[in-house]
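The values are calculated or read from the model by the stated rules, or taken from the named source; none is laboratory data. Model, not experiment: these values are computed from the prediction. Neighbour counts are summed over all protein chains in view; Cβ atoms, including those assigned to glycine, are modelled from backbone coordinates with ideal geometry. Just the protein is used for accessible areas: all its heavy atoms, side chains included, with ligands, DNA and RNA removed. Shrake-Rupley method; radii C 1.70, N 1.55, O 1.52, S 1.80 Å.
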Amino acid sequence: MRTFGFLIHPLSFDDVLRFEPKAAGKGRPLIKKILEWMPPYKVSDVTGVRSRTGEEIAGYFIAIPLLPEQFLELPRAEVMDRIIRGANIAAELGCGIVGLGGFTAVVGDGGPTIAENCPTAVTTGNSYTIAAAMQSLFRGAREMEIDPARASAVVIGATGSIGSACAHILGNRVARVTLAARNATRLAKLAHALAPHVSATVGWTTDIAQAVRQADLVLTATAATSSIVQPEDLKPGAVVCEVSLPHDVSRRVATERDDVLVTEGGNIRVPGNVDFHFDFGLPPGIALACMAETMILTLEGRFVNYSLGRGVNLEKVLEIERLADKHGFTLAGMRAFDREVTPEMIARARENAAARRRAQPSAAAGAASS
Ligand SMILES: NC(=O)c1ccc[n+]([C@@H]2O[C@H](COP(=O)([O-])OP(=O)(O)OC[C@H]3O[C@@H](n4cnc5c(N)ncnc54)[C@H](OP(=O)(O)O)[C@@H]3O)[C@@H](O)[C@H]2O)c1
C-alpha cells in the first residue's frame, strides 16, 4: 500500500498536553525547554483513507515538537535540521511523499531546502489549502448574502505563499482587494505585480485594523503567533475565513460579535473511514487541507515535489481541486472557535448584521444585499 508522512507540531501550550500528557502541571518555560530537547518522532499511524475510486492508502504523523514561536525564535539552522530529520523519518518508514504541516512549511524557504535534503517527495499542501480557502470564503459570502463582485476583500498575510495566491484569485472575483502584512516593500512589489493580472482595484497596507474595518471579506493567512483580527474592527456582516494556524482571529470575536461569520478555511472531509489515531483538535474524519493534499498525491502515486516555496502555481491549485473531487475529498462543515457553525448561528449573524446596518447606516456601505 502507498504511504505518506505528514509533519505536525503543537500550535499552543494546550496542544502540547495533547501531544505529551506528562507535561501537565509543568510551567511554560520548562515545557519550552523540554520541547527544545525533544527530537522528531513518529506520533501515530493514519489508516482508512479510501478514495471513491476504491484505492486505499496509509500514512504517519511525525511530530516536530516545537511551538510556533520556537520555529521563529530558535536558530534557523537548528530548526531546519529538525524538520529535515522529521522528513527523513518518513523516508525511513517507506513513505513516497511527506507533507509539511503548520510552521514546518513557514520557516526557511517554504520547502525547497527540505526537499533537497530528503529522499522522498515533499509538499507544503498549500495548493489545496488555497483551493479550500477560496471555497470556504465564497461559501461564507453566499451564506451572508454578500455579492463578491461588489465586495471589498482584505488578505492578511498577502505576501505569503497562501496569501499571494488567494489575493490573485480574489482579485478576479471581487471589486477591491487590499493586501495586508507587515513588510511595506514586499506589499508594494506584490501590488504592482498583481494589478495588471486582476480585474479588482488593488491596494496595500500595513495597517491591518484599518483594512479590516473596510472589508466585507477577510482572509487570514499569516505566520503570526498572536491574534491580529479584533472584534471592534470587523464590519457588520463581514465574513472572515481563517487559514492561519495558530488562528489570527481573537477569541473575543466569538462572544462580542454575533453579526459576523468566522469560519476556519482549510478543513476537509476525508473519504473512507479515516482514523488518525491522534487528536489534533478537529472532529473525526476531518483533516486540514494541507494533510489532504498529501493524501491526494499519495492516492495518485504522484510522488513528486508539488507545492513548494513562496510562489504557488495557480494551475496546481486547479489541478489539486480536480483530483480532490475525483477521490471524494470535500470541504467540511463550517467551524470556528473549536465548535461547529450551525445554520441557526449563520441566520442569527445575518439578522444581527442587517439590524446593525439599519442602526448604523455609515457601516452599511458594501456588498451585502440587505
Ligand atoms: N488550515 C490549513 O490547512 C493550513 C495549511 C497550510 C498552512 N496553514 C497556515 O497558513 C498560514 C500561512 O502559511 P504560508 O505558508 O502562506 O506562510 P508564509 O509564506 O510564511 O506567509 C506568511 C505571511 O504572513 C505575514 N505575517 C507574518 N507575521 C505576521 C504578523 N505578525 N502580522 C501580520 N502579517 C504577518 C507575512 O508577511 P510579513 O512578514 O511582511 O508580515 C506573510 O505575508 C500559517 O499560519 C500556516 O500555519 C494552514
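Quick notes
- Looking only at the stretch 310-329, residues that are among the charged types (D, E, K, R), farther than 21 Å from T53 by Cβ and part of a helix (DSSP H, G or I) come to 1 in all.
- Looking across the stretch 98-113 at every residue that is within 19 Å of C166 (Cβ to Cβ) and more than 8 Å from the ligand (Cβ to nearest atom), the one that is modelled with the lowest pLDDT is identified as G111.
- Residues (within 13 Å of the ligand (Cβ to nearest atom) and of a type in the set (V, I, T)) located in the stretch 245-269: V249, T263, I268
- Test: residue in the stretch 146-159 that is touching a Lys or Arg at 6+ places or on another chain (Cβ under 6 Å) and among the β-branched types (V, I, T): yes
- In the stretch 235-271, the residues that are part of a helix (DSSP H, G or I) and not basic (K, R): V253, A254, T255, E256
- Residue among L72, L66, L30, L7 that alone is open to solvent by 50 Å² or more (accessible area, probe 1.4 Å) and either closer than 23 Å to V304 by Cβ or in contact (Cβ under 8 Å) with a residue 12 or more places away in the chain (or both): L72
- Odd one out for R252 among (1) open to solvent by 30 Å² or more (accessible area, probe 1.4 Å); (2) touching an Asp or Glu at 6+ places or on another chain (Cβ under 8 Å): (2)
- Strands (runs of 3 or more DSSP E) fully within the stretch 153-234 that include at least 3 residues being surrounded by fewer than 22 Cβ atoms within 10 Å (Cβ to Cβ): 201-205.
- Scanning the stretch 114-138 for residues that are within 15 Å of the ligand (Cβ to nearest atom), part of a helix (DSSP H, G or I) and within 20 Å of V243 (Cβ to Cβ) yields N126, S127, Y128, T129, I130, A131, A132, A133, M134, Q135, S136, L137.
- Residues in the stretch 161-180 that are in contact with a Ser or Thr (Cβ under 8 Å, 6 or more places away or on another chain) and closer than 14 Å to W204 by Cα: G163, G171, R176, V177, T178, L179, A180.
- Number of the condition not met by V155 [criteria: (1) over 16 Å from the mean Cα position of the chain (by Cα); (2) over 16 Å from K316 (Cα atoms)]: (1)
- Within the stretch 196-209, residues that are under 16 Å from T159 (Cα atoms) have Cβ atoms under 6 Å from residues that are in a loop (DSSP other than H, G, I, E, B) and within 16 Å of the ligand (Cβ to nearest atom) in these pairs: T206/R182; I208/I228, counting only partners at least 6 apart in sequence or on another chain.
- The set of residues from the stretch 277-296 being away from the ligand (no atom under 16 Å from the Cβ) and more than 28 Å from C118 (Cα to Cα) comprises just one member, P284.
- Residue check for A149: in contact (Cβ under 8 Å) with a residue 24 or more places away in the chain, open to solvent by 10 Å² or more (accessible area, probe 1.4 Å), over 11 Å from L219 (Cα atoms) and assigned to a helix (DSSP H, G or I): yes
- Cβ-Cβ distances below 7 Å connect the following pairs, each with a first residue in the stretch 154-179 that is more than 8 Å from the ligand (Cβ to nearest atom), a second residue that is aromatic (F, W, Y) and open to solvent by 10 Å² or more (accessible area, probe 1.4 Å), and a separation of six or more residues or different chains: T178/W204; L179/W204.
- Candidates in the stretch 297-309 are the residues that are away from the ligand (no atom under 14 Å from the Cβ) and assigned to a loop (DSSP other than H, G, I, E, B); of these, the one that is surrounded by the most Cβ atoms within 10 Å (Cβ to Cβ) is N305.
- Considering the stretch 120-140, the residues that are hydrophobic (A, V, I, L, M, F, W, C) and crowded, with 24+ Cβ neighbours inside 10 Å include one that is farthest from the chain's Cα centre (by Cα), namely V122.
- Only one of R50, R82, R18 that is under 21 Å from L288 (Cβ atoms) and surrounded by fewer than 16 Cβ atoms within 10 Å (Cβ to Cβ): R18
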